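In what follows, a structure is listed as structure tokens, so that the remarks can point back to it.
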Amino acid sequence: MNDPIPNPLRKGAPSLADVAEPMAPGTKPHHMSDPWDIGETLCSLADNGDAISIYPTGGEDVIMARILSVDDDLPQFVLELNEGATLPPGGATFVSWVQSAKLQFTINGEWQAYPERPNVYLTNFPSHCLVLERRESTRLETPLGVYYLAAFVLEGRPYELQLYDFSAGGIGMRAHPRDTVGLYVGRKLSRVRLELGPDKVMIADLEIRLSRTFRSFLLGEQVQIGCRFLNLTQAMQDELKVLLDNMGSGRKVR
């Protein structure tokens, strides 16, 4: 295995004050099983250095960790435990917070320690994750058969990217790498035209918060661009909430 490349901007080692408890019985999380979505979520945890609480099967003590890196091409990620900690044989449940949603997944002991770094492990993506939303508006996939677009001009160059999901807080876009040149994390996009279905257009300012390359069997190499809304007026927030409520009626959220 190659040595993982650390993220210099991540937070410090998590402490027991960062513990996330497993989901209580009776809660009603939704399932996230698309590798694309799982990869995006793990990238977000890695970028922020967010704490992950690990509960080994049959164990009593929680192990604190964070994600060191996520592979750009393979459904794998590198997990860094706090110094001195190791993963025992067998499976484990992983729990973390992603903004206001609780994330939980299980890995059945399919991990591999790095030589001379017993607290660093390479493992595959989980087959699915449980997501328990706490935000007012959940994140929605764009409807199948309807091509949602984000169009804008940056430094004289026109861009047109496909929307694949959106929420009251932001949107997710994707395109071929050649169509995302210049779109890097932290960049602000002004007056983006969002085509959100038949006869529905919004103009909004955005900030890029995530950019990740992903390989799809159907689409080939793609770049995911995650953005948050900036400077939404109350009228625009109300308009977006109505749109999301209408779309969410009877539809799957993730």
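The values are calculated or read from the model by the stated rules, or taken from the named source; none is laboratory data. Not measured: the values here are computed from a predicted model. Cβ placement follows ideal geometry from the backbone for every residue including glycine, while neighbour counts extend to all protein chains displayed.
Under the condition of being exposed (fewer than 13 other Cβ atoms within 10 Å of the Cβ) and modelled with pLDDT under 85, the residues counted in segment 25-58 number 5. Among residues of segment 165-190 that are within 17 Å of Q222 (Cβ to Cβ), those with a beta-carbon under 8 Å from a residue that is polar (S, T, N, Q) and modelled with pLDDT of 85 or more at least six positions away or on a different chain give the pairs M173/Q162; R174/Q162; A175/Q162. Taking the criterion of being in contact with a strand residue (DSSP E or B) (Cβ under 9 Å, 6 or more places away or on another chain) and loosely packed, with under 13 Cβ neighbours inside 10 Å, would at least one residue in segment 161-168 satisfy it? So far as segment 161-168 goes, no, none of its residues is in contact with a strand residue (DSSP E or B) (Cβ under 9 Å, 6 or more places away or on another chain) and loosely packed, with under 13 Cβ neighbours inside 10 Å.
With at pLDDT below 90 and buried (at least 16 other Cβ atoms within 10 Å of the Cβ) as the only criterion, which of A101, A65, A92 stands out? Being at pLDDT below 90 and buried (at least 16 other Cβ atoms within 10 Å of the Cβ) holds for just one of A101, A65, A92, which is A101. Here E83 does not fit the description of being free of Cβ contacts under 8 Å to residues at least 24 places away in the same chain and more than 30 Å from C227 (Cβ to Cβ).
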